[in-house]
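Here is the structure we will look at.
The values are calculated or read from the model by the stated rules, or taken from the named source; none is laboratory data. Model, not experiment: these values are computed from the prediction. Cβ sites come from the backbone with ideal geometry, for glycine too, and all protein chains shown count toward neighbours. These area figures cover heavy atoms from the full protein model, side chains too; ligands, DNA and RNA do not enter into them. Shrake-Rupley method; radii C 1.70, N 1.55, O 1.52, S 1.80 Å.
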Amino acid sequence: MSGDLFDKTTNALATSMRMRQLRHNVTSSNIANAETPGYHAKKMDFEEALGRALDMDGANGLSTSSKEHFAVGGVSVAKTRPDIYENPEGAVNNDGNTVDLEKEMSALSENAIMYKTALQLINKKMAALKYAAGDGR
Amino acid sequence: MADFLTGMRISSSGMAAQRMRMNTIASNIANINTTQTPEGGPYRRKDVVFEAMPDAKNFGEIITGSDPHGNMQRVQVSDVISDRKAPLLKYEPDHPDANPDGYVAYPNINLMEEMTNMIQSSRSYEANVSALQASKDMAMSALEIGR
């Protein structure tokens, strides 16, 4: 079990970065198709699924009485799946396009900032591990 | 799993499409007074048609059946069409291209329309550049993990 060295937080951060990367691609696709007739803007959600998988309040998993038991109920963080769908918001243009370029651009920067935040947190954890591995030197 | 190359490919497809559109607009503006073309008659205003194309799937997604790429679409210019508006007729009997009644057929191009399209196109291009830049920044900073 690598759980001691790379704990739940690291895994959650890694998953979050993976999802943000995917969302970045979805947003890029919306921006590229901002003037394509008939294109519908896509939206991607993962926060809720990740939150469920992280199970902070312990409400999702059933407790087990032995280490040999399979975990019941909780979903693994690594198996978090994004939910990509057509954005129901957004006015339909004359040409059937629903991309709101301003929204997409702000979503893009927000997502990039959140990506870098997760990355910094991972780096902090790595720095702590490095420090410990170097006997605190 | 999708990677940053996907995003970069998509953004660059957007840039390529807008560049193509910009070239078409430039051609329209340049030929605003052109009365002779190889096809005969005055120049006809050109317009591009954009089309969304699903980004190519990779092997991993085909075997696992996961298809986030179905939601990620490149853009491409599927066609360049000629405007069907009737040419503008101007009375210029001395012009070598004048018809027997003394009218010359000029391209039906509205300069204002071309200029607004041009601004829109350059803004879209910039938006794609920003997205590409963000992809690059994120990818580069990911390389810093554990440094």
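Numerical summary
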read-out: Test: residue in the range B:127-138 that is out of contact with any Leu (no Cβ under 9 Å at 6 or more places or on another chain) and more than 25 Å from A:N30 (Cβ to Cβ); value: no
read-out: Residues located in the range B:131-147, provided they are of a type outside the set (A, V, I, L, M), more than 7 Å from chain A (Cβ to nearest Cβ) and within 26 Å of B:M22 (Cβ to Cβ); value: B:Q133, B:K136
read-out: Residues of the range B:28-56 satisfying the condition of being without any contact (Cβ under 8 Å) to a residue 40 or more places away in the chain, open to solvent by 40 Å² or more (accessible area, probe 1.4 Å) and more than 27 Å from A:G96 (Cα to Cα); value: B:A30, B:P38, B:E39, B:G40
read-out: Selection from the range B:107-147 of residues that are among the aliphatic types (A, V, I, L, M), part of a helix (DSSP H, G or I) and open to solvent by 60 Å² or more (accessible area, probe 1.4 Å); value: B:L111, B:M112, B:M115, B:M118, B:I119, B:M140
read-out: Criterion: open to solvent by 60 Å² or more (accessible area, probe 1.4 Å), among the β-branched types (V, I, T) and part of a loop (DSSP other than H, G, I, E, B) - qualifying residue of A:V99, A:V92; value: A:V92
read-out: Matching residues in the range A:23-52 - criterion: being part of a loop (DSSP other than H, G, I, E, B) and either over 14 Å from the mean Cα position of the chain (by Cα) or facing another protein chain (nearest Cβ under 10 Å) (or both); value: A:N33, A:A34, A:E35, A:T36, A:P37, A:G38, A:Y39, A:H40, A:A41
read-out: Test: residue in the range B:106-117 that is farther than 29 Å from A:R23 by Cβ and over 24 Å from the mean Cα position of the chain (by Cα); value: yes
